[in-house]
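Q: Sharing a structure here in structure tokens format.
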Amino acid sequence: MTRLFADRRDAGRQLAARLADKAAENPVILALPRGGVPVAYEVAKALDAELDLLMVRKIGAPGWPEYGMGAVIDGANPQLVMNEDIVRQIAPSPEYIRNEVQRQLAEIERRRKIYCGDRKPVDLADRTIIIVDDGIATGGTVKAALKGVQENRPRRTILAVPVAPRSTLAELESQCDEIICLHVPVDFGAVGAFYQNFNQTEDSEIISLMDSLRGA
């Protein structure tokens, strides 16, 4: 299998070249932590754009936390996105959902403070938003992120990734205004297979990149 990218920073530079014409729109670049941050950093630097994080936390079913009923999406106006079909099947109590939402919002706030200090999320209203990750496999997290961002009434929403399977991109087309994907392999497998170095992105790297671009 061909390794398309040396690492996430290399993928970000390649992606930035495809997004160069978006600089005139004064976009906000939203990175999905962890792996999306080094990619988004290179995009934001090249476009001289604001960089922020977009954290998505799953709302698990009662007694089965890995089975996602929905998600809480980070931002200046945090959003709850629920899968109504699953909610009808499981019928969790309103109290359970409220408690889970508060628990996940608290975790988002904890992580945001680690990564961004006291800096507040960027207001997305009437802005061009470019959501960046290091790649997409099934698209579940990205789908929730796109739905949550749309609730903030952006002017345009663009999904930008280095690599993803065609089937997943087809499912996401209706969720945003534009998709930029550098490579759509016929045989996909896993995102990491297309990188020479796909080591886990550490908290220290995220903090350093966010501080560097914001002039901290």
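Q: I'd like the residue in the range 54-95 that is charged (D, E, K, R) and surrounded by 17 or more Cβ atoms within 10 Å (Cβ to Cβ) and, out of all such residues, is farthest from the chain's Cα centre (by Cα).
A: 58
Q: Just to confirm my filter: which helices (runs of 4 or more DSSP H) fall fully inside the range 1-109 and include at least 3 residues that are in contact (Cβ under 8 Å) with a residue 40 or more places away in the chain, in the same structural domain as residue 123 (by TED's automatic domain parsing) and more than 21 Å from residue 122 (Cα to Cα)?
A: By residue number, 8-18.
The values are calculated or read from the model by the stated rules, or taken from the named source; none is laboratory data. What you see is a predicted model, and the numbers here were worked out from it, not measured in a lab. Cβ coordinates were reconstructed from backbone atoms using ideal geometry, including for glycine residues, and neighbour counts include every protein chain displayed.
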